[in-house]
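Everything below concerns the one structure shown next.
The values are calculated or read from the model by the stated rules, or taken from the named source; none is laboratory data. Quantities reported herein were computed from a predicted structural model and do not represent experimental measurements. No Cβ is skipped: glycine too gets one built from the backbone with ideal geometry, and neighbour counts run over all protein chains shown.
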Amino acid sequence: MIAATLYLLLALPPLVWAAAVFDRIGTGRGALLAGPLRNGAALLLRPVAPTEAPDRLNRLLAPGWYLALALVGLSVVPLAPGLVASDLSTGLVLWGACEALTVVVVFLHGWSPNAPFPLLGAYRYVAIALPAMLLSMFVLIGAALPAQSLSVGAVVEAQREVWNLVRQPLGLPLFMALGLALTLRGPFDYAGGAELAGGTSAEESGPALAAWRLARAAMLVAFSAMAATAFLGGYLGPVLPGPLWLLLKTLAVMAATVAAGRFFARMPPARMLTLLWVVLLPLSFANLALVGIEVLP
Amino acid sequence: MSLLASLARGAEIPVFAAIGAGGLAPVETLRRRPGLRLVDTPRHARVLLVAGEVDAAHATALERLHAQLARPRATVWWRAPRLFDRGEIADGDDPTGAIRRAAETDEPDQRPDLPPHPWEGIGPHGQGGMGMMGGTPYGRPMAMTAEDIRDGLALDAYRARFGPFLPMLPPGLALDLTLQGDVIVAAGVAAPPYPQGAESDAPGPCAARMLRLMGIGPRAARARGALAALPRGSGMRRRLAAWVDGARVDETPRPLPDALPGRDWTGAALWLASFAPSRLRAACLKPEAA
Amino acid sequence: MTITGGIEMTLVSVLIVAAALIGIGLYGALSQQSFVMLMMGLELMLNGAILAIVGFWAFSLGGAPEGQLLAIIVMAVMAVEMAVGFALVVAVYRKRQADMTESLTELRH
Amino acid sequence: MTDALFLVLSALAVWSGWRVFRVDSMVRASFQLLVSFIAVGLIAVLLAAPYIGIATVFMMAVEMMVMALFMVMFMMNPAGLNPMSMVHQHRFAAITGGTAFAGLVAAVLLSDLPANPVPPEAEAVRDLGRELLGPSMLIFETAGVTLLATMIGAVVLSARSGRYGESDAGSVPPGLTPGGAPAGRRPAQGGGHHDHHWGH
Amino acid sequence: MTEIAMPLVLVLLAVAFAWGLQRLGPEAGATWPHRAPFLGGGVPQTHAWQRWHARYYPMTLLFIAFEMEMMFMYPWAVVYIETGTKALAEMGMFLGILSVGILYGWREGVFRWQ
């Protein structure tokens, strides 16, 4: 347990850096590998901008909570058989709780500066992220059906025969929608975006901004690890050792999520809300029914 | 600390561009220039780049923007006469050198260090307010309820001047908006957009500006898919489709005080971006002429 | 067990914590003028109720599943209370621009 | 270890429950309540109910998020920029709350509580599932219908368009005879007391 | 019981780390013009904190009622295979009932901006 936690904490910084590199690919500004580090260092040397009458405590804590949720979410992912940081029999529910709390944290981040654009971003995000979370829970329940357990370890073991990606082809794409919402990017980046001048982080500067971006990258890592575990068989794989497989799959999902974030355009929020409830949610029902029929003996 | 400093030496310089007359197209050329990064808010920026001539009437707005950059901060005037006595001047096609030089300097505030309203020591708790809603706690009054135009819940109205240098609005356009939540309930034009060169009306840059608001790059293949993100039957979809196909759009929008109320912020920003800059300027000038 | 000063997790200690939550919730529900704050008090009381139910389930019921089911039902009650309560607040506010319990009593014409 | 965690979490639950009614900012109050719920959820995990405990956390996270939205929407001075007191009958409430606490504690201490702890090999979630799909199936389906009724009720109450027109315009039903008086009770006139509650 | 100790330790770790990170930068000069909210040179008349008109409030009410069903679904998933077709039918019915609520909400325009 402690060993698994140490591995996670060791693996997280390079993975966060990899997430930043993925974000930089295709922006045409060069310095792929060193760019994120340099920009991060420059941010750390700038001051934090205060605002008029902010909620100081929550403003200071929001990036920390976001990072904490990423870490806790990551901690339910087994690195190898039996090697998991928090070995909870209801790991999937804990991951769901992390998703739900992320909405709260992003809202707090936008609320605390007492400024218009962060506030707009925070409220817009809540509208979209709440139903998006619902999607992911249905999809994860679909992953738990063949395992007959809510433990993430059992979900992996149930994929020895066939990956959940094959059992429920709709699962990963729907789960990715949630990933985009959790990591505030692309079509689900309702907390930020150019039409809000950065949204919840429009008033942040210096280390506060750096901490928020770091937590966002850590959340991408956590989400990708979870997606790789729930749908791509986690540590399962031939020849290579388990943790390495998990690492490779995590990197693949990270890349796919970043690409999806770039590919799809962001809709006006009311349109996205209808899409989520009327199209994507029924799709997740259908997905669940599909798995249900498949796994019945 | 010295490790951080040496690492930070090669970092990109974050630049906030305050765009004046004729500055839109030149600033677009900076987007992919290595060593610089255009950011959407002065909080993220190191350097304030004033691109194109800015009205003297907007000098105060520019000084406010300047004050919102975290220190150390600097100004670069690119093809623009100075409105206050600070910063570097750049005249050529490439302000990178001037920006680099400016990024070594620091400038003090232009605005006096005064709260928007006096408040300290006022009121029973010294926070500037009386009762639940009165006074000016921490220097500003609280929002008060007002009628709503959509669902009839009379909640608070937020009144503010947006612009003239907001990155999601056409440069120079200053709007006096009343918002309830994220829906605009009343709008007035305080200043029309700046005139931009003819190249700003070309389909390519127009499509790119609109797609950037939707969070994607300007590649045509993606742009097609982006059409689906806009509400069907809205003029926005038709205009973006025309731009993506390489056709010019010569529609003039309705006067903004009539057209903006009832739209949410995202919809309003997209709607404004779906008109060519010159047509938008014409729509804002017409009522003034009449 | 010395770090906790002799306090152990027993049914009695769990129930005392639950009683404290219920007491605070009751104070909140009775003392708040605003309808939404009153709902916060109710929620806190239900919070104490959940804790008491889980405590009983763990120590006295021998793990009978009905105990857990009861906790879920309490949570469902909370959700229903919130949804209907807020809908009422919206309806009343639309009519009266008021959110205080005192203004609500005026509604009885 | 378990006892120490229990002590810390209980203190957190009670303290943040108390803070709910002591902070000025409505957002802080909602999330303070959320902290109390999280602490109780974690205590439930300590009590060998890992499902109920963690599920409390995620259910309450979204409920408190919605709570915060509505608190900000309908409370004056939602951020507490002006210090305020929203309390009435404070003494009565404090005494009642204290009495309730004392009474419950006395009841707990005086009664003979049966001791029949959860067997360590129990599978809490599986048992719950069997119960849901077996003996308590009716409760489960009734809950579905109740939730549906809640949804419809909430939508009807909160939507602007009433059944017979906009709710703030009276939503008057048509007459039973053509052109006759509206059916049902007539809504009272005189909404829109604008300023009567600003002067606290 | 250690299964929640580790997440709690991670939470403390993360919050402490992010806190420390934000203490790294130099102190900012907190003048009033510097602290004013960013509006592109414009100024707001009031504080941004207000009785915020969240335009999607009916959706949130529908949401909390609907979300309750997740509480029943997790235990259902665990015993699904051993219960078989009956479980499928029961959950289908349950979801069907709740979907009626969503359809009703859709018809009433709950997912639009109010």
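Among the residues of the range A:234-278, what is the count of those that are assigned to a loop (DSSP other than H, G, I, E, B) and of a type in the set (Val, Ile, Thr)? Please lay out each step first, then the result.
Here is the first cut: in the range A:234-278, the residues assigned to a loop (DSSP other than H, G, I, E, B) are A:234-241, A:264-268.
Filter again for of a type in the set (Val, Ile, Thr), leaving A:239.
Result for the range A:234-278: 1.
Got at least one residue in the range B:28-39 being under 22 Å from E:Pro33 (Cβ atoms), more than 10 Å from every other protein chain (Cβ to nearest Cβ) and modelled with pLDDT of 90 or more?
First, pick out the residues of the range B:28-39 that are under 22 Å from E:Pro33 (Cβ atoms): B:39.
Retained after the next criterion (residues that are more than 10 Å from every other protein chain (Cβ to nearest Cβ)): none.
No: zero hits.
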**Message:** Quick check on the range A:1-43: of everything there that is among the β-branched types (Val, Ile, Thr) and in a loop (DSSP other than H, G, I, E, B), which residue is surrounded by the most Cβ atoms within 10 Å (Cβ to Cβ)?
**Reply:** A:Thr27
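I'd like to know if the range C:78-86 contains one or more residues that are at pLDDT 80 or above, of a type in the set (Val, Ile, Thr) and more than 14 Å from the chain's Cα centre (by Cα). Show your work before the answer.
Pass one, the range C:78-86, residues at pLDDT 80 or above: C:78-86.
In the following step, the residues that additionally are of a type in the set (Val, Ile, Thr) were identified as C:80, C:84.
Subset that is more than 14 Å from the chain's Cα centre (by Cα): C:84.
Looking through the range C:78-86, at least one residue is at pLDDT 80 or above, of a type in the set (Val, Ile, Thr) and more than 14 Å from the chain's Cα centre (by Cα).
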**Prompt:** Hey, any hits in the range C:15-23 for a residue that's of a type outside the set (Asp, Glu), crowded, with 22+ Cβ neighbours inside 10 Å, in contact (Cβ under 8 Å) with a residue 40 or more places away in the chain and within 30 Å of D:Met137 (Cα to Cα)?
**Reply:** yes
**Message:** Restricting to the range B:13-51, give me the number of residues that are over 14 Å from the mean Cα position of the chain (by Cα), within 25 Å of A:Thr51 (Cβ to Cβ) and surrounded by fewer than 23 Cβ atoms within 10 Å (Cβ to Cβ).
**Reply:** 2
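Of these, D:Thr96, D:Thr142, which one is hydroxyl-bearing (Ser, Thr, Tyr), within 30 Å of C:Ser60 (Cα to Cα) and more than 7 Å from chain C (Cβ to nearest Cβ)?
Details: D:Thr96 fails: more than 7 Å from chain C (Cβ to nearest Cβ).
From the options D:Thr96, D:Thr142, the qualifying one is D:Thr142.
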**Prompt:** Can you name the helices (runs of 4 or more DSSP H) wholly within the range A:113-229 that have at least 2 residues being within 30 Å of E:Gln50 (Cβ to Cβ) and away from chain E (no Cβ under 13 Å)?
**Reply:** A:171-182
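Taking the condition modelled with pLDDT of 90 or more, buried (at least 24 other Cβ atoms within 10 Å of the Cβ) and at the interface with chain E (Cβ under 10 Å from one of its Cβ atoms), does A:Val106 pass?
On the way: modelled with pLDDT of 90 or more: yes; buried (at least 24 other Cβ atoms within 10 Å of the Cβ): yes; at the interface with chain E (Cβ under 10 Å from one of its Cβ atoms): no.
In short, no.
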**Prompt:** From the set of residues in the range E:70-85 that are facing chain D (nearest Cβ under 7 Å) and without any contact (Cβ under 8 Å) to a residue 12 or more places away in the chain, which is farthest from C:Ala76 (Cα to Cα)?
**Reply:** E:Thr83
**Item:** Residue tally, condition in contact with a helix residue (DSSP H, G or I) (Cβ under 6 Å, 6 or more places away or on another chain) and either hydroxyl-bearing (Ser, Thr, Tyr) or within 13 Å of chain B (Cβ to nearest Cβ) (or both), over the range E:10-36
**Value:** 5
**Request:** Determine whether the range D:66-74 contains at least one residue that is in contact with a strand residue (DSSP E or B) (Cβ under 9 Å, 6 or more places away or on another chain) and in contact (Cβ under 8 Å) with a residue 40 or more places away in the chain.
**Result:** yes
**Request:** Inspect all residues belonging to the range B:71-87 and state whether any of them is closer than 24 Å to A:Pro113 by Cβ, modelled with pLDDT under 85, in a loop (DSSP other than H, G, I, E, B) and more than 18 Å from the chain's Cα centre (by Cα).
**Result:** yes
**Fill in**
Taking the range D:85-113 and keeping residues small (Gly, Ala, Ser) and either on the phi > 0 side of the Ramachandran plot or part of a helix (DSSP H, G or I) (or both) leaves D:Ala93, D:Ala94, D:Gly97, D:Gly98, D:Ala100, D:Ala102, D:Gly103, D:Ala106, D:Ala107
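Could you tell me whether C:Gly48 is more than 7 Å from chain D (Cβ to nearest Cβ) and crowded, with 21+ Cβ neighbours inside 10 Å? Let's see the steps before the verdict.
Values: more than 7 Å from chain D (Cβ to nearest Cβ): yes; crowded, with 21+ Cβ neighbours inside 10 Å: yes.
When the stated conditions are applied, C:Gly48 passes them.
Do we have A:Gly292 as within 14 Å of chain B (Cβ to nearest Cβ), under 21 Å from A:Leu135 (Cα atoms) and in contact with a Leu (Cβ under 6 Å, 6 or more places away or on another chain) here? Steps first, answer last, please.
On the way: within 14 Å of chain B (Cβ to nearest Cβ): no; under 21 Å from A:Leu135 (Cα atoms): yes; in contact with a Leu (Cβ under 6 Å, 6 or more places away or on another chain): yes.
Answer is no for this residue.
For every residue, the table says whether it meets (1) more than 20 Å from A:Pro268 (Cβ to Cβ); (2) among the polar types (S, T, N, Q); (3) without any contact (Cβ under 8 Å) to a residue 12 or more places away in the chain.
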site: B:Asp151; (1), (2), (3): no, no, yes
site: B:Arg159; (1), (2), (3): yes, no, no
site: B:Phe162; (1), (2), (3): no, no, no
site: B:Phe165; (1), (2), (3): yes, no, no
site: B:Glu199; (1), (2), (3): yes, no, no
site: B:Gly215; (1), (2), (3): no, no, yes
site: B:Leu230; (1), (2), (3): no, no, no
site: B:Gly233; (1), (2), (3): no, no, yes
site: B:Pro255; (1), (2), (3): yes, no, no
